[in-house]
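Have a look at the structure below before the remarks.
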Amino acid sequence: MRALASEEPDRSLEPLESRPPSTESPTEDRPIAVDLEGVTKRYAGTTAVDGVSLSVREGEFFTLVGPSGCGKTTTLRLIAGFESATDGAVRFHGEDVTGVPPEARDVGVVFQNYALFPHMSVGENVAYGLNFAEPPGGVSDDERVRELLELVDLEGMAEREPDRLSGGQQQRVAIARALAPGPDVLLLDEPMSALDAQLRERLRIQVKAIQKELDITTIYVTHDQEEALAISDRVAVMRDGTPEQVAPPREIYRRPGTRFVAEFVGDNNVFDGTVRSLGADGAVSVDIGPETFAVAPGEDDVAVDDGLAFCVRPENLVVEADSTGDPRTENVTQATVRSAEFLGETTRVHLEWQGQELLVRTRDLLSGEVLVGFDPEDAHVVSVDRTV
Amino acid sequence: MVEPAHSPVLGGRIRGGGHVSDRTDPRANGGATAPVDGPGSGPDPGNPRTGDEPTGRRRARGIRNRLERRAIALFGLGTILLLVVLFYYPVATVFVEAVVVEGAVTLAVFLELLRDPFYFGDLARLFAGESPLAVASDLLSADRRIGIVGFTAYQAFLSTLLSVALGVPAAYVLARYEFRGRQTLRSLTVLPFVLPSIMVAVGFVATFGQNGTLNRLLGLVGLGPIELMFTLEAILIAHAFYNAPLVARVTTAAWESVDASAIETARSLGASPFRAFRDVVAPQLYPAVLMGAALTFVFTFGTFPIVLALGGFELATVEVFVYRLIQDLNYAEAAALAIVELVITLGILYGYLRYEANHVVRSRGVRPLPRRPLSPPSLSVRELAPRAGIAVYAAIALVVFVSPIVSMLYASVSGPNGLTLDHYRFLIDRQQTAAAFQVRPWPAIRNSLLFAAGALALALPMGVVVSVLTTRRYRGRKLVDAVAMAPLAVSGIIVGIGLLRGPVFGIELAGWQITMGGAAAIVAAHAVSCYPFVVRTVAPGLESVDRSLVESARALGASRARALYDVELPLVWPGVVAGAAFVVAISMGEFSSTVILATGTDQYTMPVAIERFIGRRLGPATAMGVVLLVVTSISFVIIDRLGGESFGI
């Protein structure tokens, strides 16, 4: 497999304060390739997709992520033309494609189950789309198939039967097949879900590399938030048929827009409290039970007595094993260790604090009573419940 | 690593539509996306993105695309149109006769029919307005009259009981025991269904007739001859011959789909083997048995050739009487009776389908129950008792299922003085010496083959189109389904008489006299009665083709019709071939509509010829039956081979 320097987000324990969070997608100044406006899909009794508005730029790797039933796959199928929207419009390059059948939309689709034609060889599968479009670059069909198989590291496999290949190989054939006619947009519907964890990580690096190399607009659906962060230029976190937040991975992770996003993407600790006072430096004091915490102000204006929820990532909670020791940070409180999961690199420790579970990541062995604290800057406000 | 710069993979994208033409060159921003190999790896600027397709070619392709996009709808429309012309219109003309007398719409014919004790027995008095209590008490007394309709239901009910009694043990053996030839035996259960019924009737005459095999065997051991011909018993056994394998087939399938782990779970929770069977296996078998029973009842309620040959007019069923009324040119009464039959049949089918919709458990057995060896592993009672039962069952099955065929083969080569080829010689002589009104063997064979080929050419595309139409989701699908499947419910006699009195005698349409040849009408009748079987064999396959395969093809640029042709049809090809084999076999054995359309013409087929011989000369009838068996089997095998070799899937 050809290795490639990937642009995976840093998931190490070290704080990332040296780099400001990137809030821009690398394709920000490119024209819009696919654009959804108020797209709604209702089935008898249920609304699968509820007024989705999104814009995907040319060459962008855009991911729809969310729990099952959140409408991400239906959104993708609406873009592909397999379903027609009950309401709203899907536009390709500004042109409404409502009523345009999938075969005329110039999209490449990759499914979770590969969907290779079992009665055709690998080469015939890849060549199938060339029945309906000239291969790009003025090459012959055979040449195009050879190129694509080379692109996905399956040189010389053209004669094989698809069911003789491993799952990862089959999925690469499916990707080659989708790319062969040179589609305008590549749509991937949970393409890695059927593969084991190691293979999944290898393949996603390869998919990302191919996407960058071809500079092809790509819309990717997954339920795996880690995969979404790892692979995308921008991510839409969906819930109940609507995107809760659309932003680049780093922003999604560090500045979740809603409580749902905070809890869905990565481990998180969400604290619910009441605003007690507003400091001169803008810092907000929040009461939770008998304790008071200082958090950095969010973008929303808050007033005294407002309800406020903020989150602190486990890796940003500082733990002191000795409950009588010297706290290294602000906002220190006492908690009890309930259990620990050894994950190799770190240990995820479940603490109990005021009837709530807190997650921390540490390399230390912890037990009994511990001190926990966090820097106000690491607290991110996710919701404000105004009293007035 | 990534492809070197100027890789042809990076070429522009060309596909029909022009909506990409206004795109800016993505390379303008290439640097920002930081390709690993540096700026050079952006798309090749020399590549045109669109627009080098000549306008004329594009327009031609546009038209073709539009046609292709509508292809399925067009084919669907064509099929429906054919159905209207070849089925609905002719059948409607027959049914209209039941309610239109001398130009006026009336229910008189129906009322007369319903009040006639000849048809409805004591029940007719109920329709005539007598007190239900009096009628009920009479019905419970010993000298009740049930009429023809009652008798038809009665014999269908008994036939169903017998078929279930013979079919369920077969399912038990096939699903639970391992032995040599099990697979073959399992596939053989489809055979009775495609055997020409008139040939089976000949087989039964040869077995149970006065000089049949049974009486000869009884004679050998000094037992007096028994008379089974023209008795209810003979009809019931013949019906079981047909329908018990059907019951066995659906029950076996259900039994095999029982998941072993479900039983193991029940056992581990403390259930005895019997209790586990009762609680886990049986509930999954009931719906299958009931389906077999419902179909058996419907088939035997509308039975015709078997009763005609084995029962005669003394034991006439509704269908036989419809035939008789038609021969007497009493079309109005025949049509009314046929409608009564249709209503009863559809009522039962509807009731069953309602039940099925609520009860059928579709569990795909992840791990089927393990099969036991047929030879007992030990000589304990527990092992021997069920196998002794199986041995008894095997002996009965031999008499019911094998002896008719063997007897027919034997009777065709035996005469008063031992083995002889006289009967076949008779067929050859008859070919030369037959008078104009007598049937000759060669035209019968030739017609059978021709009609089967014609029916195949018509029924196969119709069946495939209907399969496509009924497996897709859209509004009105249920209606299309019902319209397309109705021919299964209407008796061949009605289709035959409708075609005869409609298109064959001529239809006046906009001043033109349109007539249809007798041969064409027979082909039409066969095609209409056969294509539902193509649907039966093709539709389940289509249903199970992964939706994402079709969607992949479409995303790659294939129209819906093209995806059907490139992806779905090759995948369901075995079903198409099986459907074709069904069509040929059923067309060759078709009797009901053929006998109506071929009477008085030289368009008779082998089954019609057999029926002509059967009353007077059993020998030649059996010889003709053997010829029919051979030709049908060969066609069956040829189609199977053709399909198997060219599409080895």
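The values are calculated or read from the model by the stated rules, or taken from the named source; none is laboratory data. Every value quoted in this text rests on a predicted model; they were computed, and no experiment measured them. A quick note on method: Cβ atoms are made from the backbone with ideal geometry, for glycine too, and the neighbour counts reach across all protein chains shown. Just so you know, the surface numbers come from the protein's heavy atoms only, side chains and all, with ligands and any DNA or RNA stripped out. Shrake-Rupley method; radii C 1.70, N 1.55, O 1.52, S 1.80 Å.
For A:Asp96, what is the net charge nearby, where nearby means another residue's Cβ is under 14 Å from its Cβ and Lys, Arg count +1, Asp, Glu -1?
Value of the local net charge: -2.
Find how many whole Å separate the alpha carbon centroid of region B:561-638 from the alpha carbon centroid of region A:278-309.
After rounding, the separation between the Cα centres reads 86 Å.
Could you report the protein assembly as shown's accessible area per residue, 1.4 Å probe, as an integer in Å²?
Normalised by residue count, the accessible surface of the protein assembly as shown is 45 Å².
In the protein assembly as shown, what percentage of the DSSP-assigned beta bridges are antiparallel, given to the nearest 5?
About 75 percent, rounded to the nearest 5.
Grab the other residues whose beta carbon is less than 10 angstrom from that of A:Asp267, score K and R as +1, D and E as -1, and report the net.
Computed value for this residue: +1.
With every protein chain in place, what's the accessible area of B:Tyr89 (1.4 Å probe, Å², nearest 10)?
100 Å²
Compute the separation of the alpha-carbon centres of region A:39-92 and region B:108-127 and state it in Å as a whole number.
Cα centroid to Cα centroid, the span is 63 Å.
Any idea how many Lys pairs in the protein assembly as shown come in under 24 angstrom at the alpha carbon, given 8 or more places apart or on separate chains?
Lysine pairs, 8 or more places apart or on different chains, close enough: 4.
Which value, in Å² rounded to 10, gives the accessible area of A:His93 with a 1.4 Å probe and all protein chains present?
30 Å²
Between beta-carbons, use under 15 Å as the cut-off and find the net charge around A:Ser166, counting Lys and Arg +1, Asp and Glu -1.
+1
Which sequence of B:Trp255, B:Trp512, B:Trp442 reflects their accessible areas, 1.4 Å probe, from the largest down?
B:Trp512, B:Trp442, B:Trp255
Given the whole protein assembly as supplied and a 1.4 Å probe, what does the accessible area of A:Tyr253 come to in Å², nearest 10?
For A:Tyr253, solvent-accessible area is about 60 Å².
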